[in-house]
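Asks: One structure is given below, represented as structure tokens, and several questions about it will come after.
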Protein chains: 2
Amino acid sequence: MKEGPDIARIGMLFGDPARANMLTALMGGQALTATELAQAAGVTVQTASSHLSKLEEGGILAQRKQGRHRYFTLADAAAGTLLENIMGFAASRGHLRHRPGPKDPALRKARVCYDHLAGDYGVRMLDSFVARGAIESDGDNLTMTEDGRAELGTLGIDVASLTSNRRPLCKSCLDWSERRSHLAGTLGKALLAHFLENGWARRSDESRAVLFTPDGERKFLSLFPAG
Amino acid sequence: MKEGPDIARIGMLFGDPARANMLTALMGGQALTATELAQAAGVTVQTASSHLSKLEEGGILAQRKQGRHRYFTLADAAAGTLLENIMGFAASRGHLRHRPGPKDPALRKARVCYDHLAGDYGVRMLDSFVARGAIESDGDNLTMTEDGRAELGTLGIDVASLTSNRRPLCKSCLDWSERRSHLAGTLGKALLAHFLENGWARRSDESRAVLFTPDGERKFLSLFPAG
DNA sequence: TTCATACTTCGACCGTAACCGAAGCATCTT
DNA sequence: AAGATGCTTCGGTTACGGTCGAAGTATGAA
């Protein structure tokens with residue numbers, strides 16, 4: 001009845017298990033077809049189709065049709081950020097969906113969180129940046145220092161080109177598996193892209209896991225020593 | 001089925017209109033009784049009681065009983081921040097619940113957003129800080145400058161005492177009525193408290209509106225000139 | 001054209017949860 | 001002690017939305 005944004009509308013969109021599963025699957029950052037999302041959610045394609053149209057209608061998902069396929073992605077970075085926030089909050093309240101059996105250790109070690117690196121390696125990277133003064137941390141507000149810019153330059157990452165006024169350069173994102181923060185933002189995205197492009201790691205086909213090569217892992221660990 | 005935070009659980013909590021209304025009411029930052037919340041949500045006390053226990057169970061609300069009253073508040077700043085995020089996202093998608101009749105212009109001018117100032121005056125304040133170099137803005141990441149610390153010191157606000165590692169000093173928060181950002185974080189909280197304590201403004205009894213006195217408004221406007 | 005694949009729409013079923021009336025506790029007042 | 005107020009619990013109704021089978025549309029392949 002009151003004035004204001006319609007929280008309930010978007011809360012409801014996130015509030016269904018099937019839809020939540022689809023969105024979690026899309027946190028991998030890559031576009032998925034309706035059938036793939038149906039499988040991820042554990043429902044039939046008809047049901048999935050209904051859910052997907054609701055999510056699109058609500059501005060959370062975007063669709064692009066290609067031939068007879070329909071690829072769905074998160075609508076934009078804002079949708080991804082909100083998802084991350086909700087995941088972080090849920091994790092902070094202990095609302096985890098534990099599968100006590102054989103968990104996937106690769107997922108806890110390193111995975112994709114929309115477009116950046118999460119998991120053990122994700123928090124390790126941020127911790128390392130903060131420890132050596134490349135990034136300054138004030139609460140969960142992160143700022144890049146001059147030293148940091150220089151260091152990333154030697155890695156071949158041009159920080160200046162990453163600054164945008166639509167999305168922050170550095171952003172902390174609460175990691176559900178580690179209960180600590182890892183690095184998001186355009187820099188987080190660029191770093192993950194860097195690892196993948198230079199062959200340090202590759203994405204798993206089935207899950208959001210990031211699989212490091214032996215050589216890539218050695219480089220990563222020496223670049224980001226544990227605190 | 002998959003591993004991960006239970007998004008659906010908390011999405012569902014935000015996804016009911018009655019609960020959403022209660023949470024919106026609690027964005028005022030002050031504790032409300034079960035009966036008041038029932039009225040705000042437009043349901044009976046029995047129904048409200050059920051909703052409130054679910055929200056408390058989910059870690060979104062906290063309760064403290066005082067005599068025969070039960071006061072409810074948002075559990076912590078994290079809950080408030082998540083609410084703000086969802087409101088901002090909903091507003092960015094145009095999901096507003098318009099009451100086309102007599103809107104409340106006071107609410108659009110200045111209102112409380114959990115614990116800081118929002119509305120026209122809220123974004124004006126942040127814009128002004130950024131324009132004069134007291135705060136630097138990188139995307140929606142905000143950083144306080146030395147000039148800013150000095151200026152706030154003359155106002156009687158000790159910035160050093162506001163730094164915490166649980167909550168950022170400056171944080172941007174998307175304003176649904178203005179579609180721009182205003183200042184949140186511990187500094188945003190301190191500034192609102194400053195206005196209220198020094199009699200520049202007072203809170204409305206019925207709504208989240210912040211009502212400036214003629215004198216307070218003059219001081220505010222000269223302190224934060226429009227861009 | 002004919003068949004196969006990818007997806008949507010329709011219709012019906014069904015379970016969950018939102019809702020309220022009534023009754024039950026707890027706390028304060030007189 | 002008796003009454004009033006604030007809130008919760010119980011029980012029963014109802015409606016909304018998630019679900020799938022079946023049929024319909026669009027695109028690609030043979």
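The values are calculated or read from the model by the stated rules, or taken from the named source; none is laboratory data. Computed from a predicted structure; not experimentally measured. Positions of Cβ are backbone-derived with ideal geometry, glycine not excepted, and every protein chain shown enters the neighbour counts. All accessible areas refer to the heavy atoms of the entire protein, side chains included, with ligands and DNA or RNA removed. Shrake-Rupley method; radii C 1.70, N 1.55, O 1.52, S 1.80 Å.
Asks: Would you mention how many residues in region B:177-208 are among the aliphatic types (A, V, I, L, M), open to solvent by 10 Å² or more (accessible area, probe 1.4 Å) and either closer than 26 Å to A:Arg166 by Cβ or in a loop (DSSP other than H, G, I, E, B) (or both)?
Replies: Adding up the residues that qualify gives 0.
Asks: Filter region B:21-37 down to the residues that are within 17 Å of A:Ile10 (Cβ to Cβ) and within 15 Å of DNA strand C (Cβ to nearest atom) and list them by number. Break it down into steps so the answer makes sense when it comes.
Replies: Taking region B:21-37 first, the residues within 17 Å of A:Ile10 (Cβ to Cβ) are B:21-24, B:27.
The answer is B:Asn21, B:Met22, B:Leu23, B:Thr24.
Asks: To continue, here is another question. When you scan region A:17-34, do you find a residue that is at positive phi and surrounded by fewer than 19 Cβ atoms within 10 Å (Cβ to Cβ), even just one?
Replies: There is at least one residue in region A:17-34 that is at positive phi and surrounded by fewer than 19 Cβ atoms within 10 Å (Cβ to Cβ).
Asks: If you don't mind, another one. Would you say B:Arg111 is of a type in the set (D, E, K, R), surrounded by 15 or more Cβ atoms within 10 Å (Cβ to Cβ) and touching a strand residue (DSSP E or B) at 6+ places or on another chain (Cβ under 6 Å)? Break it down stepwise before answering.
Replies: On the way: of a type in the set (D, E, K, R): yes; surrounded by 15 or more Cβ atoms within 10 Å (Cβ to Cβ): yes; touching a strand residue (DSSP E or B) at 6+ places or on another chain (Cβ under 6 Å): yes.
For B:Arg111, the condition - of a type in the set (D, E, K, R), surrounded by 15 or more Cβ atoms within 10 Å (Cβ to Cβ) and touching a strand residue (DSSP E or B) at 6+ places or on another chain (Cβ under 6 Å) - is met.
Asks: To continue, here is another question. From (1) near DNA strand C (Cβ under 10 Å from one of its atoms); (2) open to solvent by 60 Å² or more (accessible area, probe 1.4 Å); (3) within 11 Å of chain A (Cβ to nearest Cβ), pick out the condition that doesn't hold for B:Glu57.
Replies: For B:Glu57, the failing item is (1).
Asks: Among the residues of region A:121-172, count how many are over 24 Å from A:Glu217 (Cα atoms), out of contact with any Pro (no Cβ under 7 Å at 6 or more places or on another chain) and in a loop (DSSP other than H, G, I, E, B).
Replies: 8
Asks: Being touching a residue at least 12 places away in the same chain (Cβ under 8 Å), within 13 Å of DNA strand C (Cβ to nearest atom), buried (at least 17 other Cβ atoms within 10 Å of the Cβ) and over 22 Å from A:Leu83 (Cβ atoms) is true for just one of B:His51, B:His69. Which residue is that?
Replies: The unique qualifying residue is B:His51.
Asks: Across region A:38-48, which residue is surrounded by the most Cβ atoms within 10 Å (Cβ to Cβ) among those that are within 22 Å of A:Ile10 (Cβ to Cβ) and more than 10 Å from DNA strand C (Cβ to nearest atom)?
Replies: Result: A:Ala41.
Asks: Any residue at all in region B:77-89 that is among the hydroxyl-bearing types (Ser, Thr, Tyr), within 16 Å of DNA strand C (Cβ to nearest atom) and at pLDDT 90 or above? Steps first, answer last, please.
Replies: From region B:77-89, those among the hydroxyl-bearing types (Ser, Thr, Tyr) are B:81; that's our starting set.
Next, only the ones that are within 16 Å of DNA strand C (Cβ to nearest atom) stay: none.
The answer is no, given that none of the residues of region B:77-89 is among the hydroxyl-bearing types (Ser, Thr, Tyr), within 16 Å of DNA strand C (Cβ to nearest atom) and at pLDDT 90 or above.
Asks: Testing A:Pro105 on (1) away from DNA strand D (no atom under 16 Å from the Cβ); (2) crowded, with 18+ Cβ neighbours inside 10 Å, one condition comes back false. Which one is that?
Replies: Here A:Pro105 clears every test but (2).
Asks: Now a separate question. Give the residue, chosen from B:Val112, B:Val43, that is in contact with a helix residue (DSSP H, G or I) (Cβ under 8 Å, 6 or more places away or on another chain), more than 16 Å from DNA strand D (Cβ to nearest atom) and outside any helix (DSSP H, G or I).
Replies: B:Val112
Asks: How many residues are within 17 Å of A:Asp76 (Cβ to Cβ) and either more than 7 Å from chain A (Cβ to nearest Cβ) or surrounded by fewer than 22 Cβ atoms within 10 Å (Cβ to Cβ) (or both) when one looks only at region B:72-95? Full working, then the answer.
Replies: If we filter region B:72-95 for residues that are within 17 Å of A:Asp76 (Cβ to Cβ), which is where we start, we get B:85-86, B:88-95.
Adding the requirement that they be either more than 7 Å from chain A (Cβ to nearest Cβ) or surrounded by fewer than 22 Cβ atoms within 10 Å (Cβ to Cβ) (or both) leaves B:85, B:88, B:91-95.
Summing the residues that are within 17 Å of A:Asp76 (Cβ to Cβ) and either more than 7 Å from chain A (Cβ to nearest Cβ) or surrounded by fewer than 22 Cβ atoms within 10 Å (Cβ to Cβ) (or both) in region B:72-95 gives 7.
Asks: In this structure, is B:Leu169 modelled with pLDDT of 95 or more, hydrophobic (A, V, I, L, M, F, W, C) and open to solvent by less than 20 Å² (accessible area, probe 1.4 Å)?
Replies: no
Asks: Could you check, for region A:137-152, whether at least one of its residues is free of Cβ contacts under 8 Å to residues at least 40 places away in the same chain, closer than 27 Å to A:Ser92 by Cβ and either open to solvent by less than 20 Å² (accessible area, probe 1.4 Å) or more than 11 Å from chain B (Cβ to nearest Cβ) (or both)?
Replies: So far as region A:137-152 goes, yes, one or more of its residues are free of Cβ contacts under 8 Å to residues at least 40 places away in the same chain, closer than 27 Å to A:Ser92 by Cβ and either open to solvent by less than 20 Å² (accessible area, probe 1.4 Å) or more than 11 Å from chain B (Cβ to nearest Cβ) (or both).
Residues are listed down the side, and each one gets a yes or a no for (1) under 26 Å from A:Ala118 (Cβ atoms); (2) more than 14 Å from DNA strand D (Cβ to nearest atom):
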site	(1), (2)
A:Leu55	yes, no
A:His69	no, no
A:Leu74	yes, yes
A:Asn85	yes, yes
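Asks: Here is a follow-up. Could you check B:Arg64 against (1) open to solvent by less than 40 Å² (accessible area, probe 1.4 Å); (2) assigned to a strand (DSSP E or B) and say which number it fails?
Replies: Here B:Arg64 clears every test but (1).
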